[in-house]
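Notes follow the structure.
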Amino acid sequence: MSMSEAVTPPTVSVENVSRWYGNVVAVNDISFALGPGITGLLGPNGAGKSTLLNMLSGLLKPSNGQALVMGEPAWRNPSVYKRLGLVPEREAVYDFLTGQDFVRLSARLHDLPDVDAASLRALEAVELTDAKDRKSGGYSKGMKQRLKIAASIVHQPSILLLDEPFNGADPRQRLRMMDMLRRMAREGATILFSSHILEEVERLAENVLVIVAGRLAASGDFHAIRRLMTDRPHAVMLRSSDNRGLAAALVGEPAIFGLDLAEEGLTVRTSDLLAFASIAPRLAQKAGVTLFELSPTDESLESVFSYLVQR
Amino acid sequence: MIGFIFLLTLRQLIGRRSTLLLAGLAALPVLLAIVFRLSDTGTEAGEWTAQVLYLGLVVTAVLPLTALLLGTCVLGDEFEDGTAVYLLTKPLPRWQILAPKLAAAWLLTASLVLTSTVVSGVIALKGGDSAIITGFGIAMVIAALAYCTVFVVLSVATTRALIAGLIYVFLWEGAVTGIFEGVRYLSIRHTALGIADWIAAVPEDTFDAYVGGETAAILLAVAIIGGALFANRKLEQVEVRESS
């Protein structure tokens, strides 16, 4: 399912957008459109997530194509910030300001009528009211993260872009921040957040954009993509007292569709990792082979993403 | 809006350790003037103040170095540490970010250099011949704006603003304009001296600037207005990159 089919009208969209730095292509011909709700931008480090978010927030000029906010180009268009909030990845805040002054500054620059009320509301939303009078330079990484979110939502934007927002947050803070974002989404906000952690996206996002090496590898409903990730072929390395004998015992199993016997061990390719993990020890025992090791070889997120790209 | 960014920038500048160093730099002419007063060199005070104190130290080193460090950091530091994003992602035309940043750098530079100029001049001249102090004082304030504008331009145009600024101050203004007199028209230092000479109206044997007063005023105005417009244009096109 393409996301552009799922939502109309889009509040945020990119059309054939690319961005390169010299010879390096950071984002390569990506198109999507998003409406209200939470979308996760998932991909390994260096995939181009921040570049994409920076183009959407008007901080980077697309080399090709365009990034649109409410139908208007984001680049060189400061008026989009009336409706858009950005939580940057970098930790830096104005260390010499108190938490409340930092959020107040944001409210003032948005020319809000009641700066104090708006800043207190934003600080409450991220549960920073107790620390609001402390200098932000003394905040923990998680507190700074929440402070950045407070500053970005002080004008109650209808679009919120967050670059790795859960970095540094402890599990409790993470859950609270997720609740807050869900609440904003229920109230009609379009939220796009980037993460390289599958579980974060799984917990929060209804929709997902998977970006790998600058390309959009998959997009749509998270559960459909998760199924693709789970059902993909897995490679498992086995070491035993008799690898050849073990290969002979395993070859007839329907869950196994490939075997590779090498000096360092036996590599098995299976479509059902859990089923294989349960039958392999039994078959080995039956064949009189002692199993020393059974380890998946391609469980890194990068390999999962690579699989999605190849499909 | 402008006021908040101006105050924010002043707090940033005043909180920097390097600003303390700049205060120390501004104190150097005062110390030199005290040494001059305490020692009997036989040199005429007006000539010494113009040639040695102002031309040799304030105009050549204190003013450009102060403006360089403050002018390049008002925006440059924010781009470097990532806080510029909090200003750039607001519904403000970029000139409303640039103007207060430039004004803060100018105010602090001018305050430090003017204080240094006036206090050291009063000490060296025993309070007499205020024309020299007035002339150089006004010239320092105007030149501070020109220097700050140029260094702000460098900070939005290059990531090596400090190095580019040092090359301008020491290589271009220090060496090249010394060898080729004609290019002094392209030097803030020499145009500032033109202003000082114009206002102070001191005898030629005390001090004589290469660039005439009216010409200097026009050149400085061009540098300030042209530089500010160019900086605004660069700021409108500036890109913020984060690790992806």
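Could you say whether any residue in region B:65-80 is among the hydroxyl-bearing types (Ser, Thr, Tyr), more than 30 Å from A:Ile153 (Cα to Cα) and buried (at least 24 other Cβ atoms within 10 Å of the Cβ)? So far as region B:65-80 goes, yes, one or more of its residues are among the hydroxyl-bearing types (Ser, Thr, Tyr), more than 30 Å from A:Ile153 (Cα to Cα) and buried (at least 24 other Cβ atoms within 10 Å of the Cβ). Within region B:104-120, is even one residue within 28 Å of A:Leu97 (Cβ to Cβ) and not in a helix (DSSP H, G or I)? No, that holds for no residue. The single residue among B:Ile5, B:Ile14 that is within 14 Å of chain A (Cβ to nearest Cβ) and over 19 Å from the mean Cα position of the chain (by Cα) turns out to be B:Ile5. The condition of being among the β-branched types (Val, Ile, Thr) and more than 14 Å from chain B (Cβ to nearest Cβ) does not hold for A:Val93. Taken over region A:104-153, residues that are in contact (Cβ under 8 Å) with a residue 24 or more places away in the chain, within 11 Å of another protein chain (Cβ to nearest Cβ) and closer than 14 Å to B:Thr89 by Cα amount to 7. A single entry from A:Ala224, A:Ala169, A:Ala185, A:Ala217 fulfils the requirement of being crowded, with 16+ Cβ neighbours inside 10 Å, modelled with pLDDT under 85 and either more than 14 Å from the chain's Cα centre (by Cα) or in a strand (DSSP E or B) (or both): A:Ala169. If only residues of region A:22-44 that are free of Cβ contacts under 8 Å to residues at least 40 places away in the same chain and more than 14 Å from chain B (Cβ to nearest Cβ) are counted, the one that is surrounded by the fewest Cβ atoms within 10 Å (Cβ to Cβ) is A:Asn23. Number of residues in region A:55-73 that are more than 10 Å from every other protein chain (Cβ to nearest Cβ), under 15 Å from B:Glu239 (Cβ atoms) and surrounded by 19 or more Cβ atoms within 10 Å (Cβ to Cβ): the value is 3.
Run down A:Gly85, A:Gly99 and say which single residue is away from every other protein chain (no Cβ under 13 Å), within 25 Å of A:Ser140 (Cα to Cα) and either in contact (Cβ under 8 Å) with a residue 40 or more places away in the chain or crowded, with 24+ Cβ neighbours inside 10 Å (or both).
On inspection, the qualifying residue turns out to be A:Gly99.
Restricting region B:202-240 to residues that are part of a helix (DSSP H, G or I) and closer than 30 Å to B:Glu44 by Cβ leaves a set whose member that is nearest to the other protein chains (Cβ to nearest Cβ) is B:Leu220. When you scan region B:73-80, do you find a residue that is more than 30 Å from B:Val240 (Cβ to Cβ) and either in contact (Cβ under 8 Å) with a residue 60 or more places away in the chain or within 14 Å of another protein chain (Cβ to nearest Cβ) (or both), even just one? No, that holds for no residue. For region A:140-155, the count of residues that are more than 24 Å from A:Ser195 (Cβ to Cβ), within 27 Å of the chain's Cα centre (by Cα), at pLDDT 95 or above and not hydroxyl-bearing (Ser, Thr, Tyr) is at least one.
Residue pairs whose Cβ atoms lie under 8 Å apart, sitting 6 or more positions apart in sequence or on different chains, and linking a residue in region B:107-128 that is farther than 19 Å from B:Ala67 by Cα to a partner that is basic (Lys, Arg) and surrounded by fewer than 17 Cβ atoms within 10 Å (Cβ to Cβ), are B:Ile123/B:Arg37; B:Ala124/B:Arg37; B:Lys126/B:Arg37.
A count restricted to region A:261-299 and to residues that are part of a helix (DSSP H, G or I) and exposed (fewer than 14 other Cβ atoms within 10 Å of the Cβ) stands at 6.
The set of residues in region B:123-133 that are surrounded by 17 or more Cβ atoms within 10 Å (Cβ to Cβ) and in a helix (DSSP H, G or I) comprises B:Ile123, B:Ala124, B:Ile132, B:Ile133. Considering region B:176-216 alone, what residues qualify as being hydrophobic (A, V, I, L, M, F, W, C), closer than 18 Å to B:Leu125 by Cβ and surrounded by fewer than 22 Cβ atoms within 10 Å (Cβ to Cβ)? Result: B:Ile199, B:Ala201, B:Val202, B:Phe207.
The values are calculated or read from the model by the stated rules, or taken from the named source; none is laboratory data. Because the structure is predicted, anything quoted here is derived from the model rather than measured. FYI the Cβ positions are ideal-geometry reconstructions off the backbone, even for glycines, and counts take in every protein chain you see.
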